[in-house]
Amino acid sequence: MVDGKYLYCVMEGIQNHQFGNIGLFSNQTYMVSYKDISAVVSNTPFKEMQPDIENITAHQRVVDESRLHGTTLPVRFGIMFKSDEGVKKMLAKSYEELKSKATKLKDKDEFGLKIIIDQSDLKKFTPVSQDNPEIKKIKKEISSSGKGTAYFLKMKMDEAIRNETFKKMDQLSGQIHRELTKAAEESCLLKSDFDQIVLNAAYLINRDNTTKFQQKLDSLKKKYESGGLMFHLSGPWAPYSFC
């Protein structure tokens, strides 16, 4: 099978650095340069790469190594070119954009935060009837209704309680996100596939402000963990969410 050029990231400044055999399939990584930016690539069979643990780990290993040597713009897994010339054409075409991103991301890291609540702790956010006029009204109607009607009113009340519970959690996670954003250069909300994850966000942090960001997070954890919220911080990472 013909080899292609698998792209891991783009770097500013550094050229001709030898990273060794740390790429996919333990292949040697090398740099393809245009002016003062370079793509970090390796020879890889020209086919669709499977995003399994081994391949993703290899991709991340190259990105992490690159970050030790200069400003690194990571790219998503699976980007390939047919030749070095194709890589160089991409760098030339996107030169101004890549230079702008490198300036923006210089000396900055990405941190990820997930805030999780256990289902057993949801009751701490469950409103009592007097907190919500709709719930209070339905509860009153149930007390004066027949068995059949009361059953459907109970379902309606449960839905109202559930909506109000998640509304409260959204408000709380929003407050936490806004506080952390004050210590970040940028932030963004990420998709979450589970109800238990009440906040999934990424923060772009200047390395000089890492301690400030961590102190802000520690203060929020101290304030909210007793209420059933679990904070899971990851990083520092290459700034995938901000490229």
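Ordered from longest to shortest, the equivalent ellipsoid semi-axes for the range 1-109 are 21, 16, 12 Å, each the square root of 5 times a Cα gyration tensor eigenvalue.
Look at the dipole of the chain built from charges on Cβ: of 60, 27, 227, the Cα furthest out on the positive end belongs to 227. Cross-link reach is defined here as a Cα-Cα straight distance under 20 Å, omitting same-chain residues fewer than 8 places apart; for residue 106 the aspartates and glutamates meeting it are 12, 36, 64, 65, 96, 97, 185, 186, 208. The gain in end-to-end length when the residue 188 to residue 170 segment is fully stretched comes to 5.0 nm, 0.36 nm per residue minus the alpha carbon separation.
Calculated on the Cα set of the chain, radius of gyration then Dmax: 24.8, 81 Å.
What's the center-to-center distance, using Cα atoms, between the range 156-229 and the range 56-122 in Å? Using only Cα atoms, the two centres lie 24 Å from each other. Scoring 107-115, 42-50 by mean Cβ neighbours within 10 Å over their residues and listing the highest first yields 107-115, 42-50.
Structure note, pairs 167/216; 5/47; 167/191; 99/182: Cα-Cα distances above 19 angstrom occur for 167/216; 99/182. Placing +1 on each Lys and Arg Cβ and -1 on each Asp and Glu Cβ, with no other charges, gives the chain a dipole about its Cα centre of roughly 840 debye.
Between 95, 204, 173, the Cα set farthest toward the positive side of the dipole of the chain (charges on each charged residue's Cβ, about the Cα centre) is that of 173.
Secondary-structure-derived ellipticity at 222 nm for the chain, considering helices only, amounts to -13500 deg cm²/dmol, per-run term -39500 (n - 2.57) for DSSP H runs with n ≥ 4. Averaging 1/r over every pair of different alpha carbons in the range 175-238 and inverting the result gives a Kirkwood radius of 12.5 Å. Once the chain from residue 85 to residue 48 is taken as fully extended at 0.36 nm per residue, the excess over their C-alpha distance is 11.3 nm.
With both labels modelled 7 Å from their Cα along Cα-to-Cβ, the residue 181 to residue 26 distance reads 4.7 nm. Can you figure out the FRET efficiency of residue 107 with residue 162, using R₀ = 51 Å and their beta-carbon distance, to the nearest 0.05? Given R0 = 51 Å and the Cβ-Cβ separation, E is 0.70. Farthest towards the positive end of the charge dipole of the chain, among the residues 237, 11, 188, is the Cα of 188, using unit charges on the Cβ of Lys, Arg, Asp and Glu.
Sorted into 5 angstrom bins from 0, the C-alpha pair distances of the range 151-208 split as 4, 16, 19, 18, 14, 10, 7, 5, 3, 2, 1, 0 percent. Applying 1/(1 + (r/R0)^6) with r as the Cβ-Cβ distance of residue 218 and residue 56 and R0 = 25 angstrom yields a FRET efficiency of 0.25.
Values quoted throughout were computed directly from the atomic coordinates according to the rules given, and no laboratory measurement underlies them. Bear in mind that the values here come from a model prediction, so they are computed numbers and not experimental data. Every residue, glycine as well, gets a Cβ built from its backbone with ideal geometry; the counts of neighbours run over all protein chains shown.
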